[in-house]
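Right, one structure below, let's go through it.
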Amino acid sequence: MSPRPPDVNEELRRRSRERLLEAAVELVGERGYEGTTLGDIAGRAGAARGLISYYFPGKRQLLQSAVHRLMRLTVSAALEREPRPTGPGAGPELLARAIDAILGLACERPVLMRAHMAGLLQQEGFVPCAEQRHLARLLRGALVAYGSGDPDTDYPILRAQLMGAVVAMLIPGVPLPAAPLRKELFDRYGLDWHLGTPPGAEPAGGLPRAPGRARTARR
């Protein structure tokens, strides 16, 4: 039997890795971080336990990559959703869609996102990976379309604001609803409330009507 071509092997490795990432998202979302073992993830993915060590140093790194992949896919789907924005109003709409995609994950997958945010506060902290870099490019691209002249400065600020909003939505016992947090973000960037995917409930105090774009787009 002749050996498989390199490109076939590479595709098989890619699929195996994606199955592990998908299994991690599913199981941590169902059972929480502590209730999920690497053996559980391998079993759900139909892979050998040792394969995880080939791709990831440990469970925490696997989860970060898995959640960053989910965020990347969710943001990408939001940006590509029909009707795709064009013309002068495209930038604000794209940024609004990106913000709503991240906040939506906190609403829809609280157990998973809580585990992810808690992991960022552990000793190893934020672990850069390919999935995170893909996500960063999407968010930076939304900022550039919006009008940012300095995405290298503006992207970390947007990332920090999104992380803060997600944490505020997920704190056990004192969670904040999505609407006022969305309003704060939209006010900062001068985005109309009706852009993106507005939640059903409007924030107390009326809808945001910020005059023009925020300073981040005027550099």
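LEU105 meets all of the listed conditions (1) within 16 Å of CYS129 (Cβ to Cβ); (2) in contact (Cβ under 8 Å) with a residue 12 or more places away in the chain; (3) within 21 Å of the chain's Cα centre (by Cα) but one, namely (1). Taken over segment 129-166, the criterion of being more than 16 Å from HIS68 (Cα to Cα) and aliphatic (A, V, I, L, M) is satisfied by ALA142, LEU143, VAL144, ALA145, ILE157, ALA165.
Applying the criterion of being in contact with a helix residue (DSSP H, G or I) (Cβ under 8 Å, 6 or more places away or on another chain) and more than 19 Å from GLY104 (Cβ to Cβ) to the residues of segment 154-171, the residue that is surrounded by the most Cβ atoms within 10 Å (Cβ to Cβ) is ASP154.
Evaluate the following for ARG140: is it in contact with a Leu (Cβ under 6 Å, 6 or more places away or on another chain) and closer than 26 Å to PRO198 by Cβ? For ARG140, the condition - in contact with a Leu (Cβ under 6 Å, 6 or more places away or on another chain) and closer than 26 Å to PRO198 by Cβ - is not met. In segment 73-89, the count of residues that are without any contact (Cβ under 8 Å) to a residue 12 or more places away in the chain, closer than 27 Å to GLN161 by Cβ, not basic (Lys, Arg) and not in a loop (DSSP other than H, G, I, E, B) is one or more. Listed conditions (1) at pLDDT below 95; (2) assigned to a loop (DSSP other than H, G, I, E, B) are all met by LEU191, apart from (1).
Answer yes or no: is there a residue in segment 73-90 that is at pLDDT 95 or above, surrounded by 21 or more Cβ atoms within 10 Å (Cβ to Cβ) and outside the structural domain of SER16 (by TED's automatic domain parsing). Yes: one or more hits.
Before we move on, is ALA168 in a helix (DSSP H, G or I) and without any contact (Cβ under 8 Å) to a residue 40 or more places away in the chain? So ALA168 fits the description; yes.
Screening GLY39, GLY50 for residues that are part of a helix (DSSP H, G or I), touching a helix residue (DSSP H, G or I) at 6+ places or on another chain (Cβ under 8 Å) and outside the structural domain of TYR146 (by TED's automatic domain parsing) leaves exactly one candidate, GLY39.
The values are calculated or read from the model by the stated rules, or taken from the named source; none is laboratory data. Note that this is a predicted model, so its numbers are computed, not measured. Neighbour counts run over all protein chains shown; Cβ positions are idealised from the backbone, glycine included.
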